[in-house]
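Q: Would you mind keeping the following structure in view while I ask a few things?
The values are calculated or read from the model by the stated rules, or taken from the named source; none is laboratory data. As the structure is a prediction and not an experimental result, all values here were calculated from the model. All Cβ positions, glycine included, derive from the backbone under ideal geometry; neighbour counts span all protein chains shown. In case anyone asks, the SASA skips ligands and DNA or RNA and just uses the protein heavy atoms, side chains included. Shrake-Rupley method; radii C 1.70, N 1.55, O 1.52, S 1.80 Å.
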Amino acid sequence: MQDNRVLVTGGAGFIGSNLANHLADDNDVIALDNEYLGTPSNLTDDVEYVNGDVLDDDLPTNVDVVFHLAALSSRQMLEENPRQGARVNIEGFVNVVEQAHDDGCDTVVYASTSSAYGSRTEPSPEDMDLEASTGYDASMLGRERYAEYYSDFYDDLTCAGMRFFSVYQGYGGNEEHKGEYANTVSQFADTIAHGESPVLWGDGSQTRDFTHVNDIVNGLVTAADHELTGVYNLGTGDPYSFNEMVGLINDVLGTDVEPVYEPIPLENYVHDTCADISKIRAATGWEPEISFEEGIRRVCAPYLDDQ
């Protein structure tokens with residue numbers, strides 16, 4: 001993508017800032033964020049930062065492409081504030097798309113979620129039956145239904161939803177500010193690097209399709225470049241267990257820290273995730289490029305540099 005004017009909502013957050021910084025090399029990029037989860041310090045000087053909310057009436061949507069990543073982005077956030085979560089995740093999406101379309105933007109790529117697949121060890125295709133087991137699932141599936149409506153109703157607008165799997169980067173990147181909401185890879189690497197035992201729920205056999213943020217960024221840009229419509233998985237199709245993840249972290253750091261196991265405290269806990277990425281591969285040729293072993297090395301590199 002080159003020489004476009006681009007809006008990234010949630011643009012100072014973890015994924016949004018990585019995307020905005022990447023695009024700013026060749027495009028005019030605006031990052032909109034209300035700093036609920038994001039921080040402007042994540043952004044390079046090449047990105048125009050706007051402190052604003054996706055529920056605002058006058059958004060900077062006079063752009064060529066909108067990447068709508070702003071959301072209350074976890075089960076816990078929606079359980080703590082379900083009404084606000086629904087407003088931000090659904091009404092905020094409608095507000096951004098309506099203003100963008102009114103301003104002549106014809107390409108929207110937005111964040112959805114893979115959590116609605118539930119717990120599966122087999123790869124999850126986009127056309128399988130979904131469940132809204134949490135308020136977060138319900139709000140993001142609502143976003144998908146509105147996107148389907150917009151794609152059908154406006155002939156000049158494409159809306160592509162990206163169902164992210166378990167996205168990580170590490171505290172050496174733009175994820176540290178997320179704290180308890182950061183990916184378990186990043187949290188566990190930091191814990192082990194400081195000589196403390198990470199807490200694993202259950203027996204540590206649960207699996208996640210851990211996907212490096214660089215691959216997510218490339219997937220988002222690819223979706224916009226191809227003007228995709230519909231929903232697409234962004235993952236690796238190669239899940240690892242938490243026990244395997246802790247072992248890899250110890251191997252890279254040269255440590256031997258044992259985890260602590262505690263009972264799973266949640267109902268409807270998703271034990272396993274795995275992406276079927278054949279749809280986006282067929283549509284665009286996109287493939288993840290960073291193996292989990294390489295990703296772990298990148299997450300752990302800052303701690304090795306400090307030794």
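Q: Out of the residues in segment 176-191 that are modelled with pLDDT of 90 or more and not in a loop (DSSP other than H, G, I, E, B), state the one that is nearest to Thr113 (Cα to Cα). Spell out the reasoning first.
A: Taking segment 176-191 first, the residues modelled with pLDDT of 90 or more are 183-191.
Of the ones still in play, those that are also not in a loop (DSSP other than H, G, I, E, B) are 184-191.
Values: Thr184: 17, Val185: 18, Ser186: 20, Gln187: 21, Phe188: 23, Ala189: 24, Asp190: 26, Thr191: 27 Å.
Result: Thr184.
Q: Still on this structure, please answer the following. Among the numbered criteria (1) open to solvent by 30 Å² or more (accessible area, probe 1.4 Å); (2) modelled with pLDDT of 95 or more; (3) closer than 20 Å to Glu227 by Cα, which single criterion is violated by Pro60?
A: (3)
Q: Do you know which of the residues in segment 91-118 that are β-branched (Val, Ile, Thr) and in contact with a Phe, Trp or Tyr (Cβ under 7 Å, 6 or more places away or on another chain) is farthest from Leu32 (Cα to Cα)?
A: Thr113
Q: Applying the selection to segment 193-217, what residues are of a type in the set (S, T, N, Q) and over 12 Å from the mean Cα position of the chain (by Cα)? Before you say what the answer is, go through the steps one by one.
A: Residues of segment 193-217 of a type in the set (S, T, N, Q): 197, 205-207, 211, 214.
Within segment 193-217, Ser197, Ser205, Gln206, Thr207 qualify.
Q: Being over 26 Å from Glu122 (Cα atoms), among the acidic types (Asp, Glu) and in contact with a Phe, Trp or Tyr (Cβ under 7 Å, 6 or more places away or on another chain) is the requirement here; does Asp190 meet it?
A: Yes, satisfied.
Q: Okay, moving on. Would you point out the residue of segment 124-175, among those that are assigned to a loop (DSSP other than H, G, I, E, B), under 18 Å from the mean Cα position of the chain (by Cα) and small (Gly, Ala, Ser), that is modelled with the highest pLDDT?
A: Of everything passing the filter in segment 124-175, Gly170 is modelled with the highest pLDDT.
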